[in-house]
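Read the structure below first, then the notes.
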Amino acid sequence: MLAAVRFPDLLGRRRKEPFLAELIGGARMEWAEPGFRAMLGFFSLYNLCLASLLLVPPMVLAFGSMGQVGTVAFAEALGAVLGGLAIAVWGGPTAAGCPR
């Protein structure tokens, strides 16, 4: 279907500034906005933690058995559930001025 349908060229204009200028402009915008910078930092750390969780089973298999991989996966899941329950009971940190 996609091969049979002609899509219109919706790009109204060509890029006027070079890629490096756009890259520098994005870096300036990131530096000027503290909230945006905080969001980028948070999601960078979040993705780093998720990537490390994906690497745990191969690391355990390097010296252990499949049963030990299951034990480690269970411990990770138990920690996630207990952490979620703790945040649900505690309410988590609140930012100044944000209503609960």
Over the chain, the sum of -39500 (n - 2.57) across DSSP H runs of at least four, divided by residue number and rounded to 500 deg cm²/dmol, gives at 222 nm -23500 deg cm²/dmol
Karplus-derived 3J(HN,Hα) from phi for the range 74-80 (6.51 cos²θ - 1.76 cosθ + 1.60, θ = phi - 60°), whole Hz, x at Gly and Pro, runs 5, 5, 4, 5, 4, x, 5
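Loop-only chymotrypsin sites (Phe, Trp or Tyr not before Pro) in the range 35-77, please: DSSP not H, G, I, E or B, and at most 10 other Cβ atoms within 10 Å. Write out the running numbers ahead of the final one.
Details: sites: 36, 42, 43, 46, 63, 74; in loops: 63.
Those that pass, being in a loop and sparsely packed, are 63.
Mind checking the range 1-82 for trypsin sites (Lys or Arg not before Pro) that DSSP puts in a loop (not H, G, I, E or B) and that have at most 15 other Cβ atoms within 10 Å?
Details: sites: 6, 13, 14, 15, 16, 28, 37; in loops: 6, 13, 14, 15, 16.
Loop-located and lightly packed - 6, 13, 14, 15, 16.
Each value in this text was obtained by applying a stated rule to the coordinates, not by laboratory testing. Model, not experiment: these values are computed from the prediction. All Cβ positions, glycine included, derive from the backbone under ideal geometry; neighbour counts span all protein chains shown.
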